[in-house]
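Each remark here refers to the structure printed beneath this line.
The values are calculated or read from the model by the stated rules, or taken from the named source; none is laboratory data. Bear in mind that the values here come from a model prediction, so they are computed numbers and not experimental data. Every residue, glycine as well, gets a Cβ built from its backbone with ideal geometry; the counts of neighbours run over all protein chains shown.
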Amino acid sequence: MRRLLWLCLLLPAGLLLGQDEEPRIHDPELDELAVSIYSKFLAEDYETIRADLRKLRDACSEMKVEERERYGSLVLDYDRSFHRALDRVRALAARGEWDDSGIQYEWVMRSCVGCHRASREAGFGPPVPVP
Ligand code: HEC
């Protein structure tokens, strides 16, 4: 009974704390998806890449100019280059230009690394090692 009481007290506190957290910059499950897309490019396994790329885009909403204050302009620049590169990868993939699409995808991955470095330097980035 006592245990149940504790649970009732702790649960709402946990929920409230959860709500207080800043919204995440992107879905934290991103690395598995991003790395699996890269492996598929390497293996020339193109069957599901277009759908995967769409998922990747949906997991990272583009940063708004108002968010520049919170994250800083360097992080905003990386966000821009990430989305620009990803749009290009998707356009090339849509046309079946897989070689160029794969080369362009490397710029997407570089933006992950660059943005993590920039945001770590600004004091809020993810711990290493993350892609
Ligand atoms: C515009 C900046 C930016 C880009 C681009 C970006 N990230 Fe992140 N990432 C962050 C920040 C900032 C965090 C720290 C947590 C937060 O604020 O959401 C983070 C956290 C993470 C985490 C850790 C999540 C956790 O459990 O805390 C992973 C994994 C990750 N990113 C993977 C990726 C991958 C893979 C890509 C590229 C496909 C990518 N990120 C692109 C900024 C970025």
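Some observations on this one:
- Among the conditions (1) more than 7 Å from the ligand (Cβ to nearest atom); (2) in contact (Cβ under 8 Å) with a residue 40 or more places away in the chain; (3) out of contact with any Lys or Arg (no Cβ under 8 Å at 6 or more places or on another chain), the only one that Ala94 does not satisfy is (3).
- Ser101 satisfies every condition listed in (1) over 17 Å from Asp52 (Cβ atoms); (2) surrounded by 15 or more Cβ atoms within 10 Å (Cβ to Cβ); (3) touching a residue at least 40 places away in the same chain (Cβ under 8 Å) except (1).
- Some residue of the range 69-78 being touching a Lys or Arg at 6+ places or on another chain (Cβ under 6 Å) and surrounded by 11 or more Cβ atoms within 10 Å (Cβ to Cβ): yes
- Residues of the range 9-23 include none that is modelled with pLDDT of 95 or more, over 20 Å from Pro126 (Cα atoms) and surrounded by 10 or more Cβ atoms within 10 Å (Cβ to Cβ).
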